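Report on the structure given below.
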Amino acid sequence: MIVGLGNPGKQYENTRHNVGFDAVDLLVDEYRVPSSGKQHKAMYGKGVIAGQKVILAKPLTYMNLSGQSIAPAAAFYKIPRNHIIVLCDDIAQEPGHIRIRPSGSAGGHNGLKSIIASTGGEDFYRIRIGVGAKPRPDYDLADWVLGKFPPDDAKLVTGRHTDVEAACRLLMAGKLGEAQNKFNH
């Protein structure tokens, strides 16, 4: 299962917080994954990527409650945590940088915190997509992540979409080290 984190609704489109949604949309288009509708509080589709059956999902619970969608879906489809790939934003990385990890803490990301709490563990893949840090310490974090990218940053992020897609394929094939060596930057 590949899950893109974000917030539903037109007002959140193309925001920093929705880079996970955007990456899943790319996978849907690239692999022509048909929409299967809404289930488990998510928009989802079932398809095949690199010869493997996959579920692509975008939780409709809003970012901070993502686990309320992912945990029941994983349980329903009998998907172990270590077969879940979560795509999300990362303010600790420069725009367009990618960081791939097989497990770990939420690192302050509320969507990841919700997934960890709801699934009962940290052992799921995450591909964190850099959106850049707040411009100054007193800048409101919510305003930052819910803001839209300036054009140059948007190009850096969308320019890495094919790398996110390739990293997902490598993770699905059990090639974590190769994915990290190729794309962690």
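Read-outs: derived from the displayed coordinates by stated rules, not from any lab. The structure displayed is predicted, hence computed values, not measured ones. Cβ: placed from backbone, ideal geometry, glycine included. Neighbour counts: every protein chain shown.
Of note:
- Placed amide H near Ser36: partners under 5 Å, 5+ positions off or other chain: Tyr44, Gly45, Lys46
- Sum of side-chain charges, Asp22 neighbourhood, beta-carbon under 15 Å (Lys, Arg +1; Asp, Glu -1): -2
- For the listed peptides 26-38, 73-85, a ranking on the average number of other beta carbons within 10 Å per residue, highest first, reads 73-85, 26-38.
- Fraction of beta bridges assigned by DSSP in the chain that are antiparallel (%, nearest 5): 60 percent
- Protection proxy ranking of 95-102, 13-20, by the mean of other Cβ atoms within 10 Å over each peptide's residues and highest first, is 13-20, 95-102.
- Dimensions of the chain along the principal axes, based on C-alpha atoms and rounded to the nearest Å, stand at 44, 32, 30, largest first.
- Close amide H partners of Ile49, meaning residues 5 or more places away or on another chain with modelled amide H under 5 Å apart, are Val54.
- Cα centroid of the stretch 38-108 to Cα centroid of the stretch 121-139, whole Å: 15 Å
- 3J(HN,Hα) along the stretch 86-92: 10, 9, 8, 6, 8, 6, 7 Hz, from the Karplus curve 6.51 cos²θ - 1.76 cosθ + 1.60 with θ = phi - 60°, whole Hz, x for Gly and Pro.
- Residue-averaged 222 nm ellipticity for the chain, from DSSP H runs of 4+ at -39500 (n - 2.57), nearest 500: -10000 deg cm²/dmol
- Listed pairs Lys46/Lys78; Lys134/Lys175; Lys38/Lys175 exceeding 24 Å between Cα atoms: Lys134/Lys175; Lys38/Lys175
- For the stretch 156-164, Karplus couplings with θ = phi - 60° (6.51, -1.76, 1.60), whole Hz, Gly/Pro x: 4, 6, 5, x, 9, 4, 5, 5, 4
- Under Karplus coefficients 6.51, -1.76 and 1.60, residue-wise ³J(HN,Hα) of the stretch 146-155 in Hz, glycine/proline x: 8, x, 8, 6, x, x, 5, 5, 4, 5
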